[in-house]
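Quick notes on the structure that follows.
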Amino acid sequence: MFDEDHGNGSVFDRLSELISDKFAFIAPVWIIDREDTLSIVDYRPTLTMFLAIVASVIVLVSSVLLFFRYWELGFNLLALAAPFLVCVFFLFQGTLREVYVFDRPSDSYFFTRQFVHRKDVIEGAMSQFTGASVKTVSNDESESYFVVLKQEGMFLTGVGEQTLREVVPIFNSYDREAEIANAIEEFISKARLQAAQPKT
């Protein structure tokens, strides 16, 4: 299992983790561990998606205020149209949530990326995964953390692992990713142990 007290980062990393822990309820991660299924629902948006949502709300509120206060100055509304369209463009680029489901009886997994306008689903056999870990990627001034699923053998891409999130979400911390990785690691280990036992 992975140590959820990861204190090797810089002062900036530790401060950002403290802040993100206080506001994590805004974009929760739910881990639902049942007997035969493990579901992880991740509502954390990327920074671009988060800023686009905030900017869209600001532009909409500004438009309403301008409309009711200065309706004769219609060109102000047109001036807000361009930023609003840019915000809408970025809203359609990011994910609203990601859901990971592991099903032991059917030996299957379903990874869902929910966008505003579409849903991408990846599915396959759960038995191809041997475990999970947390990968640390160092940037110029900070570190990002990703949950990585270890796969059995190499695939066509020549990669022996699969990263759950391709883009770093907000409130990204080692503790949060370790919690997800630990749940997946434990579930996969139990499934592999159960599959290895002789059937009576």
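None of the figures in this text is laboratory data; all of them are computed from the coordinates on show. Not measured: the values here are computed from a predicted model. We place every Cβ from the backbone using ideal geometry, glycine too, and count neighbours over all the protein chains shown.
Summary table below
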| item | result |
| --- | --- |
| In order through the stretch 139-145: 3J(HN,Hα) via Karplus (6.51 cos²θ - 1.76 cosθ + 1.60), integer Hz, x for Gly, Pro | 9, 4, 10, 8, 10, 10, 10 |
| Estimated FRET transfer efficiency when R0 is 30 angstrom, pair Arg34-Phe92 (beta carbons, to 0.05) | 0.35 |
| Sequence-distant residues sharing a close amide H with Phe115 (under 5 Å, placed H) | Leu96, Asp120 |
| Theoretical gain in end-to-end length, Thr48 to Asn139 [0.36 nm per residue, Cα-Cα removed] | 31.0 nm |
| In Hz, Karplus ³J(HN,Hα) per residue of the stretch 190-197 (6.51, -1.76, 1.60; θ = phi - 60°; x = Gly, Pro) | 5, 5, 5, 5, 5, 5, 7, 6 |
